[in-house]
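So the structure is just underneath, and the comments pick up after that.
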Amino acid sequence: MAGRDDSNGAKEKSGNGIDELPTFSAENMQNNMKIIYYSRTFMSIIGGVIAGILGLTGLMGFILYFLIMGITSAGLIAKAKFSVFSYFDNWNRIILDGFLGGLLSFVLFWTLAYDIVHIF
């Protein structure tokens, strides 16, 4: 993941004594968000296939999805070395972004794998 753009250090005092705000590179932020989106989509597909093969139905399948998204979020935070604000502007970016898109992929591959293994 690409970090923030610190050409002069994280925080410095300006000439008038006011703290400067940390700056983020728009390209780096966009790349980080793309990584999160792809990671969540990939893990949703893998989780959906696992849920379908295991024959999970109903609420158990959705519990597996939330468990996989929690593990994915923890993995992304660990990848950022637990310094989320160096790579993102807030926690919601790493915890919630891509959540609903991942849910649709999960359900699609869950039903596909379930049908292939248990019905056909």
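The values are calculated or read from the model by the stated rules, or taken from the named source; none is laboratory data. These numbers come from a predicted model, not from an experiment. Heads up, the Cβs are rebuilt from the backbone with ideal geometry, glycines too, and the neighbour counts pull from every protein chain shown. The area values use the complete protein model at the heavy-atom level, side chains included, leaving out ligands, DNA and RNA. Shrake-Rupley method; radii C 1.70, N 1.55, O 1.52, S 1.80 Å.
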| task | Evaluate the stretch 40-60: report whether one residue or more is in contact with a Lys or Arg (Cβ under 9 Å, 6 or more places away or on another chain), part of a helix (DSSP H, G or I) and among the small types (Gly, Ala, Ser). | result | no
Those residues of the stretch 76-112 which are among the basic types (Lys, Arg) and over 14 Å from the mean Cα position of the chain (by Cα) amount to LYS81
**Item:** Hey, GLY58 under 25 Å from LEU112 (Cα atoms) and either surrounded by 15 or more Cβ atoms within 10 Å (Cβ to Cβ) or of a type in the set (Lys, Arg) (or both) or not
**Value:** no
Residue pairs within 6 Å by beta carbon, gap of at least six or interchain, first lying in the stretch 76-89 and part of a helix (DSSP H, G or I), second open to solvent by less than 10 Å² (accessible area, probe 1.4 Å), listed first then second, are LEU76/ILE94; VAL84/ILE94
In the stretch 65-104, anything open to solvent by less than 30 Å² (accessible area, probe 1.4 Å) and either farther than 15 Å from ILE36 by Cα or small (Gly, Ala, Ser) (or both) is listed as TYR65, SER73, ALA80, GLY98, GLY102
Residues in the stretch 23-44 that are open to solvent by 50 Å² or more (accessible area, probe 1.4 Å) and either among the aromatic types (Phe, Trp, Tyr) or touching a helix residue (DSSP H, G or I) at 6+ places or on another chain (Cβ under 9 Å) (or both) total 6
